[in-house]
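Values in this text are rule-based calculations from the coordinates and carry no lab data. Owing to the predicted nature of the structure, the values given are computational and were not obtained by experimental measurement. Reconstructed Cβ throughout: ideal geometry from the backbone, glycine too, with neighbour counts over all protein chains shown.
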Amino acid sequence: ATSETKADVFINGNELSFDVSPIIENGRTLVPVRSISEFFKYEVNWNQDSQTVEIKNNSDILKIVIGQKFYHKNGAQKKLDVPAKIISDRTMVPARAVTEAFGAQVFWDARNDTVKIFTKDFMLRTKEMKTHKSSKALSEENNITSDFSISYFDEMDVRIDANDGTDFEI
């Protein structure tokens, strides 16, 4: 069954905007191939006659044919759960298949219909991430505390305003 549910796509915590909205079909999120590929600095070429999109950079070439349940990466055949299709003159491809082919990690947030993609560079940088944990007693007699866990990078200014009015400056 086809579902026309719209999905949001975030890369490294930033929402991507598309001229054609990503959709969820058979449990897979389809995204416009050009927008997602160009974010990863890949060149995209479309061959109308063969209905093939070619995505390449200095080291990789992906070829995806509309309607096929597989694609090729550097000549090796890889499976697609949902074939690529054309919607509003845009080639739509499964987000996970393409971005994992680019070396990214993909997570699905079902509650919010959101795809969260993290690039290889971002994942390497998470090793530099620092975490600040704190607990504050709000009421001694009722044993009520407020707990915080904030992860951040040194070069980013972070300020957290907690629900109980406590502020953290990092």
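In the structure shown, do any of K85/K120; K78/K116; K69/K116; K6/K56; K116/K136; K6/K133 have a Cα-Cα gap over 25 Å, and if so which? Could the numbers behind the result be given before it?
Details: K85/K120 27 Å; K78/K116 22 Å; K69/K116 23 Å; K6/K56 27 Å; K116/K136 32 Å; K6/K133 36 Å.
Checking Cα-Cα distances, K85/K120; K6/K56; K116/K136; K6/K133 exceed 25 Å.
With a sphere of radius 13 Å drawn around the Cβ of K79, what net charge do the other residues whose Cβ falls strictly inside it have (Lys, Arg +1; Asp, Glu -1)? Walk me through the numbers before you get to the answer.
Working: positive: R28, K69, K73, K78, R96; negative: D81, E100.
Cβ neighbours under 13 Å give a net charge of +3.
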Worksheet item: Excluding N57 itself, what net charge comes from residues whose Cβ is under 10 Å from its Cβ, given Lys and Arg +1 and Asp and Glu -1?
Response: 0
Discussion item. Using a 7 Å offset from the Cα along the Cα-to-Cβ direction at both L138 and A76, what is the distance between the two label points in nm, to one decimal?
Written reply: 5.1
Worksheet item: Based on the mean of other beta carbon atoms within 10 Å per residue, what is the order of 55-63, 75-83, 29-37, most packed first?
Response: 29-37, 55-63, 75-83
Item to complete: Could you work out the equivalent-ellipsoid semi-axes for the stretch 31-123, taking the square root of 5 times each eigenvalue of the Cα gyration tensor, largest first, in whole Å?
Response: 20, 16, 12
